[in-house]
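Visitor: What follows is a single structure, and I will ask about it in a moment.
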Amino acid sequence: MRKGILTAVVLVAAFAALMVFASSCAKTVPVPPKDAMKGEFDGAPKWVFDGCGAFWDKKEEKKICGVGSIGGTANASIARTTAVSRGRTEIARSLQTQVQAMVKDYQATTTGGQNFGTAASDEQHVEDVAKQITDLSLSGTEQVASWISPNGTFYALVVLDVAKFKDSVSKMQNLSEAVRQAVIQRADKAFDDLDKSVQQNRESKQ
């Protein structure tokens, strides 16, 4: 009797182990070949790597660019929409950080205190304002160029210029006039810093 029970236990354990092994095999993600990116950037326009700096020669045209990409789809519409969305995300990530710095600088100046921003309520206020400005400003972005790599990856160059950014901020009636003007006045320098920041982020990922 005991021998029969022991045999049954062993069989159940073996079956459980087999199921775990099969499950782990099913979830194994195939490793892409080492040469999957070979030739990916053959003939790529400079903006794929350098953003705005390679697209506009006039330094007075202050812009910030985001480069988005997607591969592995034959649907041109989905490829374009996704690449543009990722380009906007790249802009938004840096833009929100920069706007936070502008608002915090303004608030610290008007309150006359270097300790502004140390309280949780101060930080939350700055983050909320920055998110509002960033979300609204992204509506002013536009795709100005695209490129498809030899491997079929769709790249999109998305741009937001300082004029559209200022216009968006000026129309934000839920912000005080003082805050709107403070951000607008700091926009030119902010866009210079933004373009450098996005470029450095892109280079670090290559």
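Visitor: Return the loop-located trypsin sites (Lys or Arg not before Pro) in the range 133-193 (DSSP other than H, G, I, E, B) with at most 16 other Cβ atoms within 10 Å of their own Cβ; answer none if there are none. Before the final figure, lay out each step's value.
Guide: On the way: sites: Lys164, Lys166, Lys171, Arg180, Arg186, Lys189; in loops: Lys171.
For trypsin sites (Lys or Arg not before Pro) across the range 133-193 that sit outside H, G, I, E and B with at most 16 neighbouring Cβ atoms in 10 Å, the list reads Lys171.
Visitor: Could you check the simple spin-label distance between Lys46 and Asp135, using points 7 Å along Cα→Cβ, in nm with one decimal?
Guide: 3.8
Visitor: Using each residue's phi in the range 165-174, evaluate 6.51 cos²θ - 1.76 cosθ + 1.60 at θ = phi - 60° and report the 3J(HN,Hα) Karplus result to the nearest Hz, with x for Gly and Pro.
Guide: 5, 4, 5, 5, 5, 5, 8, 7, 5, 7
Visitor: Past the 24 Å Cα-Cα mark, which pairs from Lys46/Lys166; Lys46/Lys104; Lys46/Lys171; Lys164/Lys189; Lys46/Lys131?
Guide: On the way: Lys46/Lys166 28 Å; Lys46/Lys104 35 Å; Lys46/Lys171 35 Å; Lys164/Lys189 15 Å; Lys46/Lys131 31 Å.
Pairs exceeding 24 Å: Lys46/Lys166; Lys46/Lys104; Lys46/Lys171; Lys46/Lys131.
Visitor: On full extension of the chain, what length is gained from Ala178 through Lys38, given 0.36 nm per residue of separation minus the C-alpha to C-alpha distance? Intermediate results must be reported in sequence, preceding the final value.
Guide: Details: separation 140, 0.36 × 140 = 50.40 nm, distance 5.28 nm.
Full extension from Ala178 to Lys38 adds 45.1 nm.
Every read-out reported here was derived from the displayed coordinates using simple, explicitly stated rules and does not represent laboratory data. Being a predicted model, the structure only gives us computed values, none of them experimental. Please note: Cβ atoms are built from the backbone with ideal geometry, for glycine as well, and neighbour counts cover all protein chains shown.
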